[in-house]
Amino acid sequence: MRMLFAIFGLGLTTFAVPVSAQQFVCSGTTNSPYPEFVSTYHDHRRVAPAGTGLTGRFTAFHAIFDDADDDDGDGQADLRLNPEYVVYELRGVAPDRNGNYAEPEISIKRPNKWYASPGLVDLVEGIAGVTNRRIDDSYSGVGTIWNRGHLAMSDHAQRISAEAGCNTHVFWNASPQAADLNQGPWLHLENYSAAASNKYRSVWVVAGPIFDPSTPKLTIGDPGELRVEIPDAFFKVLIHESPSGIDTLAFIFEQPNAAGPDGKPVPTASWVNCKNARQAGHVYDHRPNLVTIEEIERRTGLRFFSDRPNRQTLIRARAQQLWPVETVFWDPGSSCAAQRSHP
């Protein structure tokens, strides 16, 4: 059996962890059996925006979770049960003997129920009128409409280790995302991000939900369950730092929602799911989603690059094109209809 190795750094000490090239099954226990944080050579927080909330530190990402603050300014505490953002450094993989930039030969079988998070217990325990305080159960029965949308992709995390990949299945790292958005353009952009990290050695990814105060507040979760608010949009920022400076790509994916005839929320936009893209002849083009970071700040309250003297230049820049990432840098097994390119 072929073996792969994930390298960790603990202080000045490094060690190799053998990882099977076969399927790695994440434990089905309520709590993850793996430590949330193991020190590595990654610097996830290097470009983290300034925000307020609860802090979660994981091997593969850093997260800020929305706390009981007054998000909409009405003088009452709001609990959206969503992250404010997730940030992580995504390091590229080395080419194999055939020159392919393939992901590690490991398949992470995710847990059926996502892991509970001790760091969120105090937050959810303070919510009145709830008899079931497991966030995962609020998603139960709506999975074909609303996915537990990863902000830090599990495939990106498993570049560090299988255990880190398992530990992306926590609600520090998820928001309700329309299934065809999650499994369509969002997934393709995740694949692009991985390819970009292969070309540029590393990129930082910052992703999170957007809630617009002017839209109706829609939630998932039945009576007695935790009410998880559905975002109106999602943002993603890709950051590449080199000796010549910082280059960024900023995206917003709108997720318009409405209440259906049964009173339950439904997405009102249409996206092409990756499994249908080839038959439909669809080519993913993310250029219409390019925005300025300033626009993301306006809609989220976050503040990027607060320690940079050229902050205004960075946040006001709007890319017209994605970074050129040649086909060779894409994983040959890319799951979006093998679209290893972009317009």
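Every number here is computed from the coordinates shown, using simple stated rules; none is lab data. From a predicted model like this one, the values you see are computed outputs, not experimental measurements. Ideal geometry is used to build each Cβ from the backbone, glycine not excepted, and the neighbour counts take in all protein chains shown.
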**Item:** Relative contact order for the stretch 25-329, counting Cα pairs under 8 Å that sit 6 or more residues apart, in percent
**Value:** 19 percent
**Request:** Take the Cα of N31, step 7 Å along the line toward its Cβ, and report every residue of the stretch 94-124 whose backbone nitrogen sits under 17 Å from that point.
**Result:** 114-124
**Prompt:** Stretch S244-K264 to full length: gain in nm at 0.36 nm per residue minus the Cα-Cα span?
**Reply:** 2.2 nm
**Fill in**
Between T219 and E254, the two model label points (7 Å from Cα along the beta-carbon direction) sit apart by a distance in nm of 2.6 nm
**Request:** Answer rounded, prolate or oblate for the chain, using the Cα gyration tensor with square roots of eigenvalues a ≥ b ≥ c: rounded when a/c is under 1.5, else prolate when a/b is larger than b/c, else oblate.
**Result:** rounded
**Item:** Taking the stretch 220-343 and dividing mean pair separation by its residue count, relative contact order in percent (alpha carbons under 8 Å, at least six apart)
**Value:** 21 percent
**Förster radius 22 Å - calculated FRET efficiency between D43 and D307, Cβ distance, rounded to 0.05** = 0.95
**Message:** Going through the cross-link list K113/K217; K109/K236; K236/K275; K217/K275, which pairs have a Cα-Cα distance over 28 Å in this structure?
**Reply:** K217/K275
